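For reference, the structure discussed in these notes is given below.
The values are calculated or read from the model by the stated rules, or taken from the named source; none is laboratory data. Keep in mind that this is a model prediction, so the values were computed, not measured. Reconstructed Cβ throughout: ideal geometry from the backbone, glycine too, with neighbour counts over all protein chains shown. Side chains included, ligands, DNA and RNA excluded: accessible areas come from the protein's heavy atoms. Shrake-Rupley method; radii C 1.70, N 1.55, O 1.52, S 1.80 Å.
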Amino acid sequence: MTHADAIKPGKFNWLAACTLIVIVPYLGQLPLWLILWVSGMVAWRYLVEHHGWRPPGAVVRMTLTLTASFIVYSHYGTFLGRDAGLSLLLILLGLKFLEIKARRDRILIIYICYLAILGAFLYSQDLWLGLYLILAVIISTAALMRVQDYTLPALRYFRSALGITLLALPLMVIMYLLFPRIQGGVPGLALGTQSGRTGFSESMQPGSVSQLTNSEKIAFRVFFENNQIPPQAERYWRGLVLWRTDGRTWTQRFIFQSHSSTFTGKGLRYDYRIMLEPHNKPWLFSLDLPTSLPRGTELLPGFVIKSDSDITERYHYQLSSYTQYQQSEQSPGEKLRALQLPAILSSRVQLLANRWRLESTSDEAIVNKALTYFNREEFYYTLKPPLLGGDPVDEFLFESRRGYCEHFASAFTTLMRAAQVPARVVVGYQGGDYNPSGKYIAVRQADAHAWSEVWLEGKGWTRVDPTAAVAPTRIEYGLDAFRRLRALGTDTHTLSASELQQALRANWWFTFKLTLETRWDALNVQWFRWVMDFDHKRQLELLKSFGQKEHKWAYLLAGMFGALLLIVALIATVILLRRQRQDPVHRLYTTYCRHMARYNFIRLPHEGACDFAKRIKTTLPLVSEQIDAITEVYSRIRYGKNAQNSDIQQLRNLVRSLIIQKST
């Protein structure tokens, strides 16, 4: 390895640490082999620097470049786009370690790290990632200083990088708040289109809902006006209505046209705003049932709200709903679809439904018989249902009797249709945890739920949740409470409501964990509101709060540049004040040197105090005594062991006397 190829060990360690830090956010976002590739290139260079390995030649580097590029193209089918582009960037970052020859190569690695930091925000804009990447910026800036200058302690570079970042923060905030926003965002750039999925499916089959129970990701957050929040048992968040079944899978397919869906609301009307996480589908969720539609949406049969486009970014919309209602209309198409059965129906299922029909005088009585059947027979609500075969409804009803909400909803709806009661399946979410710090309801993927609706004469479409007949705790207290009670070995069927609450509070670890999670999520919501979701509308609200009624680009630019000038002036003032608090000995001697420079005696960078004094005395013998006195006192203070405060005052008097004498 030639001398030009060598890197000082400390500088290489900084480059390696900086690179490994900036690729951490890509774990889980880009293929694992890519992260291992970058780490492998760094490790290869480490062996070159510390164990005498030969650096790879041009042919090897070219082969590695072409191989990695081919793999990226094979994986993504393109070199364009977010994932493919950032994959190429990280590949180049790793390869750059194999061809470091000069300082500019080390600097280029740091610049690529800056780009990688910026690219990480294309996957997530959460608060924790923002804090982590600010730390990465500070470390990268310190590394940039370190690779150019290796004379100072490592802590000094961190302090300098931190100071630069802190000085830049006010400028960044002013530009972020006042720079004119482009309404509608940048065309063609949809950030996070593959992240933040709610996992919500447009079909339902055994296991499709229960697979979400272990996910704690937020599906959406609900902010209620005047903090009027419905009780847990009434928090049914409507998503899709599924009409068609083949005996195993339920889908929403229908061929009839939408008609005027109306209902009569009863009791309290809830006004609320939903912050929906991106899920790459057009469906919106609402508290069952909605009375209004957000702008840019349409209402489909079954009170399903569909947006004009897929939800690829965090989406805000307002609604009003009634949790108690009565529907009075049903189209012929709806009734026909609500009685559809699979081509092959189990004889046991049909016999059970026929018996209920013969024993009942009304459709409502059939519904009650079904709920009683689920409640009294040995059915169990479980988060890990067994696998079912080709006829899941029959196997669930008469053999396994263990299932999740989709098993109960599917079996109940099939039984109702077999008994000639119009029924359909509704999928969405049920429950949600109240966040006292942010004053909103957080609905998670784990709250995904399926229930049924039946058509009853005089009542219309009526919600029936067969899960509540088997596991009332799941509906009354939420899925998280149900899991906690089961983990404690609590029998959720025999305890009263007060006893259940006492059992929930008994597990202090869950309570402590829940408190931390709710406060962190509330902090994230504020981060979303004022940072990530700070759009044209919020900018206008901010300006109005400062008395700016008109929203013109000229006002924004003038305010932005005025604020920037003010910040720069404040920073300059701070720097001047810091200079005034510098070492008084250094400041006095600098004043002396600056004064002599007026007479063409400029101290050279390599010139010591004694040599500088000798050169002055050769030309100005009249002040030689004063020059000697200043030099002697300065050297005694700076390099002596017994310097006193009185010496500083003496130096100050000598410098002042020389300045006065030369001035006169």
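A few remarks follow.
- The listed residues L88, L115, L276 rank as L115, L88, L276 when sorted by accessible area, largest first, using a 1.4 Å probe.
- Of the whole protein surface, S657 contributes about 50 Å² of accessible area at a 1.4 Å probe radius.
- Portion, in percent, of the accessible area of segment 23-172 that falls on carbon or sulfur, probe 1.4 Å: 71
- Accessible-area value, E99, 1.4 Å probe, nucleic acids and ligands omitted, Å²: 70
- Among E313, E406, E395, the sequence by solvent-accessible area, most first, with a 1.4 Å probe is E313, E395, E406.
- Accessible area (Å², 1.4 Å probe, nearest 10) - R656: 130
- Between the C-alpha center of segment 353-384 and that of segment 403-436 there is a gap of 14 Å.
- With every protein chain in place and a 1.4 angstrom probe, the accessible-area ranking of W237, W14, W53, W44, largest first, reads W53, W44, W14, W237.
- Apportionment of accessible area to carbon and sulfur, segment 313-370, percent (1.4 Å): 51
- A cut-off under 11 angstrom between Cβ atoms defines the neighbours of F220, and their net charge, with Lys, Arg +1 and Asp, Glu -1, is +3.
- 1.4 Å probe accessible area per residue over segment 260-336, in Å²: 43
- Built amide H within the under 5 Å cut-off of K281, gap 5+: I311
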